[in-house]
1. For the protein assembly as shown, give me the percentage of DSSP beta bridges that are antiparallel, rounded to the nearest 5 percent.
2. Using the charge dipole of the protein assembly as shown (Lys, Arg: +1 at Cβ; Asp, Glu: -1 at Cβ; taken about the Cα centre), state which of B:Ala681, B:Ala571, B:Ala19 has its Cα farthest towards the positive end.
3. Under 5 Å between amide hydrogens, which residues at least 5 positions from B:Val319 or on another chain qualify, with H placed 1.01 Å from N in the peptide plane?
4. If one computes P(r) from the Cα atoms of the stretch B:385-429, what percent of pairs lie at distances over 15 Å?
5. Considering the dipole of the protein assembly as shown built from charges on the beta carbon (Lys and Arg +1, Asp and Glu -1) around the Cα centre, which of B:Ala114, B:Ala207, B:Leu136 is farthest to its positive end?
6. For the protein assembly as shown, state the average projected area of the convex hull of the C-alpha atoms over all orientations, rounded to one decimal in nm².
7. Within the set of other residues whose C-beta is less than 14 Å from the C-beta of A:Gly10, count the net charge using Lys and Arg as +1 and Asp and Glu as -1.
8. From the phi of every residue in the stretch B:681-695, what ³J(HN,Hα) in whole Hz does the Karplus formula 6.51 cos²θ - 1.76 cosθ + 1.60 yield, where θ is phi - 60° and glycine or proline is x?
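The values are calculated or read from the model by the stated rules, or taken from the named source; none is laboratory data. This structure is a prediction, so every number in the text was calculated from the model and none was measured. Reconstructed Cβ throughout: ideal geometry from the backbone, glycine too, with neighbour counts over all protein chains shown. Each accessible area value is taken on the protein alone, full model and side chains, heavy atoms only, with ligands, DNA and RNA left out. Shrake-Rupley method; radii C 1.70, N 1.55, O 1.52, S 1.80 Å.
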Amino acid sequence: MTGYLIRVGGHLDDHWSARLDGFAITRQADGTSTLCGPVRDQAELHGVLAGLRDIGATLVELRRLDADP
Amino acid sequence: MAVPGSRLRVPVPRRRLVARSRLTGRLLDPASTPRLVLVAAPAGFGKTTLLVQWLGSRADGAGDAPRAAWLSLDEGDADLHGFLSHLIAAVRTTETDAGADALALLGRGGDGAADQVLASLLNDLDALAGPTVIVLDDYHVIDTDAVHGVVTALLEDLPPQVTLAIATRMDPPLSLSRLRARGELAEIRAADLRFTVEEAAGFLNDALGLALDAGQVAALEARTEGWAAGLQLAGLAARTHGGDAQGAEGFVRGFAGSHRFVLDYLLDEVLRGLPDELRDFLLATSILGELTGPLCDALTGRADGREALEALDRANLFVVALDEGRQWFRYHRLFAEALRAQLGAREPGRAAALNRAAADWYAARALFTDAIPYALAAGATGRAADLFELALPGLRRNRQDHSLRRWLRALPDDVIGRRPLLATLRAWGSLSDADLDGVEAWLDAAQAGPATDGPVGGPDGDGAFAGPDAETWNPPPTDAERARDRELRELPAMIEVYRASVAQARGDVPGTVARAGRALELAGPADHLARGAAAGYLGLAAWASGDLVTAVDTFGDAVRSLRAAGNVTDALGATVVLAQMWVARGRLDEARRLYERALAAAERQPGPLATTGDLHVGLAGVLCELGEDEAAERHLRAARELGAAASLPENRHRWYLVMAGLLRARGDVDAAAAMLDRAEALYLPGFFPDLQPIPAVRARVAIARGRLPEALGWARDHRVVADVEATFPRLYDQLTLARLQVARRRAHPGAGALGAVIERLDGMVSAAERAGWVTAWLDASVVRALAYRAAGDTEAAVGDLSSALGRSTVTGHCRLFLDEGVPMLELLGDVARRPELAGGERAAELLAIASHPAAASGDAGGSALSERELEVLRLLASESTGPEIARRLFVSVNTLRTHTKHIFTKLEVNTRRAAVRRARELGLL
């Protein structure tokens with residue numbers, strides 16, 4: 001499992017978490033949201049990204065988290 | 001799909017639209033029709049609406065209304081067959097004559113059919129007068145290279161008056177940069193689609209009938225960043241607040257000051273303004289891809305589904321009508337996503353129950369392929385598997401391989417293992433992956449598994465649930481259940497057929513025969529597919545063991561069963577095997593007749609079959625042996641023009657093999673050897689008995705070239721040693737080895753006596769005589785004659801050759817003698833000089849053929865175009881449409897088509913663009 005952090009524009013409600021593979025949503029003071037979660041492989045990550053695409057969220061940042069928290 | 005054709009309709013908006021002439025105008029550049037219009041932007045940016053407006057604005061223009069073929073794609077279109085059938089259907093909505101051939105070609109299926117289907121569709125498009133637009137909406141759902149490949153090919157060869165328009169959330173892999181560089185791409189992207197303040201005002205105040213002030217409009221435009229979906233929701237929210245500037249002020253200020261995701265904020269706002277019942281209706285039905293009153297009622301437990309949908313439609317709330325009668329709707333995808341997320345958060349677990357209810361509703365109406373995704377979404381894998389079994393015949397008939405594989409992957413192994421039909425399907429998948437152990441494991445599961453006569457959902461722990469219909473009474477079996485039960489009855493025979501194919505792939509001939517024989521016992525008289533396959537394996541096994549009479553009889557049965565099963569392609573393709581059996585029996589005439597008949601039958605089909613090329617190659621091989629080089633070459637060329645799409649992978653090496661024979665006949669032995677290398681690279685073992693191994697053929701060529709060390713290397717590498725008892729499959733190797741020994745003796749007269757070789761040849765000649773292996777008998781007799789001659793016994797040599805020649809008078813064999821080169825020519829001369837011997841005349845004939853080798857002919861291609869065809873070709877290179885060209889030439893469109901077809905054939909191309917390209921290459925333009 002590899003952890004990823006995804007940042008999108010706007011404050012996403014928690015109810016999107018289930019749609020986005022269980023990624024945990026944290027709303028930031030700068031008006032963005034970060035989504036953090038583990039994925040098994042790249043295909044799973046792309047599934048989450050496609051989910052964000054399909055709800056019209058604006059992708060701001062994508063980062064791999066080096067060590068498991 | 002519950003609403004036939006709903007995805008082929010240009011969506012008709014009910015509300016007034018904001019004019020977006022700044023965008024549609026860009027696509028109307030009169031100077032050029034772009035080949036591709038790409039509308040690429042995230043969800044909710046109004047891509048579909050813009051395309052609808054663009055088509056509408058073109059229709060309002062100067063009488064130049066474009067024909068619009070609309071296709072809204074969904075996941076099923078990632079399957080190549082599904083995509084092509086929907087594409088053709090979309091084109092046919094605009095012109096019923098178009099795409100008829102393409103549809104027929106598609107129905108026939110087979111490898112490589114896509115190219116032919118597309119070429120046929122392109123030619124029909126070319127014949128359409130006036131501009132045509134093909135719209136592919138929601139292209140981002142396509143994730144298979146096969147479909148991207150077809151769309152790339154479509155773009156490449158699109159006739160000049162046709163435009164492809166693609167709406168997508170993701171840039172498609174279609175060589176966009178090349179199109180951009182050639183100025184053939186018109187792009188509308190998110191930045192272009194964003195509503196300006198003026199457009200936002202037009203939308204909110206004019207189209208939605210609100211009365212917001214300029215500051216509020218600007219605030220909403222800024223907060224939503226011109227996002228169409230956001231503006232629409234904002235407008236709906238403002239309406240719940242009275243719709244005027246005063247009432248909406250609080251909402252606008254609150255929204256503008258919030259960081260919340262636009263969709264979340266606005267959806268909450270809109271849902272809050274709705275009556276409880278309608279809000280619950282939206283959440284409950286959000287899991288549905290398509291909505292209609294009774295289906296909604298099955299989910300909500302109420303009876304007001306129809307009224308609720310009508311209310312949503314009137315209020316422009318989230319729904320899109322799918323049919324003229326406004327019975328079926330779907331939610332705007334973006335809103336459906338948001339509603340589903342809300343449903344999951346508010347009522348965890350309810351989505352599963354709703355999905356089950358939807359699966360039951362569809363299943364009760366025998367719409368199994370619609371029901372399966374809901375059952376899977378509900379996590380009810382046992383129920384999904386039961387429905388899958390009922391859907392199987394339809395999935396096979398419609399060649400929905402993609403759905404088939406996807407659902408098979410989605411089901412757990414233990415659920416599949418309990419259902420013989422699905423377990424056999426998994427075995428078939430393992431067979432295509434060449435995982436033989438996997439095949440057997442799944443077949444074991446299929447045989448051990450219980451028949452599915454238990455209660456629905458019972459053994460898989462899905463819990464007690466069944467459709468309302470199933471609960472109240474025990475209905476008689478439906479058509480689908482009867483079809484499934486028929487498949488179950490036929491399954492034991494098919495399982496044995498699969499086991500036979502595993503045995504054959506393992507080279508286990510007795511095992512193959514045992515399994516295939518058992519399959520024939522188990523198969524019912526009308527079970528043509530199992531009968532055909534089993535007889536095929538038995539025929540191949542008989543052939544491999546040298547029982548040619550049984551082989552021909554049994555394989556003939558297989559062909560008849562395949563034909564009865566409606567499988568024309570395979571039935572005609574099997575001719576390739578049957579004809580080789582006849583060749584082994586020395587009946588070149590019968591082989592020729594079978595090929596010619598099969599080719600005539602293939603020609604009656606629209607477009608080439610997946611085996612038409614193989615038939616040409618097979619006939620070329622027979623003609624080459626008969627000494628009819630020119631005819632053989634014509635058929636080889638015909639096969640090459642048809643391309644790989646008209647040849648099965650297991651037959652692809654044959655073209656090079658026959659070409660090698662032809663080149664050898666013309667004395668170009670080096671080129672023949674090169675062809676054999678290519679044949680070997682393409683050879684796929686395991687499909688047919690390897691009775692004429694390519695390495696041995698190459699060794700014979702090496703011997704003919706005097707390259708004995710190379711031939712010795714063959715014998716060493718392939719461990720071919722002299723065998724006293726040569727069985728039928730080893731005979732070709734043994735006769736090659738005997739040739740090598742004779743050639744060595746000729747080259748080195750002291751290289752050992754040939755007594756042992758001749759003795760073995762005696763054995764082979766009589767074995768072949770007894771078993772009726774006529775071609776092998778001729779082969780062995782020829783080698784023995786050469787052996788006698790090399791040993792100095794000319795009298796015995798002449799005697800052997802004389803009887804072989806006598807027989808060849810009947811069979812027509814020619815290359816078998818002449819390929820032996822100089823020693824044989826001398827020996828033929830000896831026979832020809834002695835008129836009292838049988839075969840003297842035949843010897844003279846063969847010598848005549850040998851002294852007049854057919855001139856090698858190389859057709860540069862295109863040189864044979866007539867004046868009229870050149871005239872048509874020049875017009876094809878222009879921007880004129882088919883009907884325009886026809887008018888200029890004063891001929892009908894049909895006559896023009898005949899001309900273009902001839903041109904395409906002569907230039908070996910399938911489409912107009914390719915013809916022009918080729919003609920330029922050949923300097924004809």
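1. Close to 50 percent.
2. Farthest towards the positive end: B:Ala681.
3. Amide H neighbours of B:Val319, under 5 Å, 5+ apart: B:His332.
4. 32
5. B:Ala114
6. That works out to 48.2 nm².
7. -3
8. Computed from phi, the couplings for the stretch B:681-695 are 5, 8, 5, 10, x, x, 7, 10, x, 8, 8, 9, x, 4, x Hz.
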